[in-house]
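The values are calculated or read from the model by the stated rules, or taken from the named source; none is laboratory data. What you are looking at is a predicted structure, and each value in this text was computed from that prediction instead of being measured. Here the Cβ positions follow ideal geometry from the backbone for every residue, glycine too, while neighbour counts run over all protein chains shown. Surface areas here come from the heavy atoms of the whole protein model, side chains and all, with no ligands, DNA or RNA. Shrake-Rupley method; radii C 1.70, N 1.55, O 1.52, S 1.80 Å.
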Amino acid sequence: MVDPHRQRDVRAQAARRRTFAIISHPDAGKTTVTEKLLLYSGMIRTAGMVGSRKHAKTAASDWMAMEQERGISITTSAMQFQYKHTVINVLDTPGHEDFCEDTYRTLTAADSAIMVIDAAKGVEAQTRKLFEVCSLRNIPVLTLINKMDLPGRPPLDLTAEVEDVLRIQASPVNWPVGAGRDFAGVVDRATRQVSLFTKTAAGGALKSGRTDAPLDSPDVRKVISDEAWRDVTHDLELLTVAGNPCTREAFLNHKVTPVFFASALTNFGMENFFDAFVEMAPAAMPRTADCPDGTEIVVDPSERPFSAYVFKIQANMNPRHRDSTAFLRVCSGRFERDMVVKHHRLGADVRLSRPHRLIAKDRDTVDVAYPGDIVGVIDTGQFAIGDTVSLNDGFNYKPLPQFQPEVFARIHPTDVGKRKAFDKALAQMTAEGAMQRLWSLEAPDFIIAAVGRLQFDVLQFRLRHEYRVETRLEPLPYECSAWLTGDLNTFRAPGDALVVKDQRDRPVVLFRSSWSKQFTRERHPDHALLEMG
Ligand code: G4P
């Protein structure tokens with residue numbers, strides 16, 4: 001029986017949570033948007049410190065140093081802070097396509113997503129891929145068209161492109177007033193209130209000045225150019241006739257994406273966007289889970305005691321703490337520090353020790369957490385990605401699918417004396433899900449497999465810097481793979497393919513080409529070659 005006071009507390013806290021990821025193509029402005037959310041939340045007093053790549057910063061780990069060197073975002077983490085009355089949990093997703101599996105898993109922990117689009121570039125490749133993942137999981141997406149202070153494409157073109165390329169209805173909530181150097185503010189379509197902005201002497205480092213007035217008021221006419229006025233009134237009229245309505249239900253069901261315009265660099269339009277985001281984005285959502293008898297249940301955040309699942313594991317996040325962190329997404333009930341919970345896969349009780357979360361870049365101990373929150377706990381090897389933990393046993397959150405690996409290699413320590421450290425490192429990194437180990441059917445020999453080549457670079461880099469193990473990598477010529485189901489004895493792999501097994505003992509076939517995979521599939525109608533496992 002759940003204590004009604006406690007349940008009320010959990011319900012109220014869950015309703016305050018907004019757990020989301022920002023998805024975008026590299027350079028569209030994800031880091032800047034995150035930083036401005038911190039600025040408007042009062043977490044930082046001046047912007048320009050969080051993700052700047054031009055200014056050297058203390059890296060949280062050598063691995064992150066590599067990330068900075070390459071100018072791409074590899075690591076994912078979650079940050080928590082308060083924006084006005086809302087508790088924000090922002091999940092960071094890596095922008096690089098070689099890390100799509102990591103991104104996929106991270107997005108399972110999100111209740112919504114913000115899609116940042118560069119106004120000059122429109123919908124780019126990586127945005128499209130990440131958006132597809134949101135579509136697959138029915139995650140509601142808000143669109144922010146960024147960099148309006150630079151010369152960009154006409155706003156109507158951009159919204160049309162969102163609809164054509166992403167196959168979702170776009171419904172502008174606000175519209176830009178002026179563009180490029182003349183970008184003066186945004187007008188709310190429902191109220192026709194304009195927010196006009198002024199730059200501070202510190203540029204975008206501080207909140208920009210803002211005045212709100214009706215679009216037709218003389219004050220607004222005085223400030224904006226005739227051209228900007230003509231454009232905005234023309235576009236608004238067009239949208240009234242031909243624009244898509246946006247109901248909350250359609251947005252929550254991933255049928256419509258509300259669209260906003262802003263310049264994250266100068267802060268113009270950012271507060272309007274953040275205010276609308278916390279208003280529109282869903283709170284901690286219920287999640288489906290499987291019961292041992294094969295039935296499915298929907299776990300309501302406030303009606304069940306504490307439950308969570310592991311969506312990410314990361315070793316050596318901080319060189320001073322040589323341990324792994326398992327990131328839990330709290331799905332129901334109230335988490336308390338050092339609580340002992342049931343670990344469903346192991347069938348054992350485990351203590352969730354040293355719980356922490358990231359606030360900006362600092363680690364903070366967690367005493368309590370609520371649905372939607374992300375909690376990092378110490379993992380001494382007992383956790384795997386997808387594990388469910390809860391106070392009351394009886395269900396498992398849906399397993400997280402694995403992506404098909406597309407690059408394969410053998411890897412050896414150059415110094416055989418480092419074998420033990422090498423084995424430990426590989427075991428830890430496999431648990432993180434950064435790569436898979438595939439085992440030969442006959443010999444105690446293994447192959448490493450990943451979705452993209454960059455993951456091998458990261459692996460070797462981390463082996464060198466975190467474990468002091470130099471390695472030799474021998475790339476293998478396979479280009480794709482599939483999980484095989486059916487009788488192994490009657491399966492004839494092509495001469496240049498290889499059958500191995502994964503960590504869960506499932507047979508996997510490695511092919512030299514997708515053509516070879518398709519050919520094999522056609523020759524073996526009684527077997528299935530599965531794309532995602
Ligand atoms: P990302 O995380 O999506 O990769 O993008 P990030 O925020 O790092 O932004 C990429 C570049 O675009 C940065 O410039 C950033 O300052 C700039 N930028 C972001 N939003 C806006 C905007 O609204 N207007 C303009 N004009 N620029 C914007 P950089 O020169 O690469 O790096 P930095 O040293 O300024 O950080």
**Prompt:** Simple spin-label model, 7 Å along Cα-to-Cβ: Arg45 to Arg8 in nm?
**Reply:** 4.0
**Message:** What number comes out for accessible area per residue over the chain if the probe is 1.4 Å? Units Å², please.
**Reply:** 45
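Give the carbon-plus-sulfur fraction of the accessible surface of the chain in %, rounded to a whole number; probe 1.4 Å, heavy atoms of protein chains only.
In the chain, the share of accessible area belonging to carbon and sulfur is 51 percent.
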**Request:** List the relative contact order of the range 407-530 as a percent without decimals, with contacts defined as Cα pairs under 8 Å and 6+ residues apart.
**Result:** 28
**Message:** At R0 = 51 Å, how high is the FRET efficiency between Arg345 and Leu236 if r is their beta carbon distance? Nearest 0.05 is fine.
**Reply:** 0.40
**Request:** Among the listed pairs Lys418/Lys501; Lys129/Lys424; Lys30/Lys207; Lys30/Lys129; Lys342/Lys398, give every one whose C-alpha distance is greater than 22 Å.
**Result:** Lys418/Lys501; Lys129/Lys424
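Can you say what percent of the DSSP beta bridges in the chain, counting only those with both residues inside, are antiparallel? Round to 5.
Restricted to the chain, the bridges split so that about 80 percent are antiparallel.
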**Asked** Extension gain Thr380-Trp439, at 0.36 nm per residue separation less the Cα-Cα distance, in nm?
**Response** 18.8 nm
**Request:** Measure off 7 Å from each Cα along the Cα-to-Cβ vector at Asp393 and Ala427, then give the distance between these two points in nanometres to one decimal.
**Result:** 2.6
**Asked** In nm, to one decimal, how far is the Ala528 label point from the Thr365 one, both placed 7 Å along Cα→Cβ?
**Response** 4.9
**Asked** Quick one: if the Förster radius is 41 Å, what FRET efficiency do Arg468 and Arg492 give, using the C-beta to C-beta distance and rounding to 0.05?
**Response** 0.40
**Asked** So how strong a dipole does the chain carry about its Cα centre when Lys and Arg Cβ are +1 and Asp and Glu Cβ are -1, to the nearest 20 debye?
**Response** 1180
**Message:** Under a Cβ-only charge scheme (Lys and Arg +1, Asp and Glu -1), can you give me the dipole magnitude of the range 407-530 about the Cα centre, in debye to the nearest 20?
**Reply:** 260
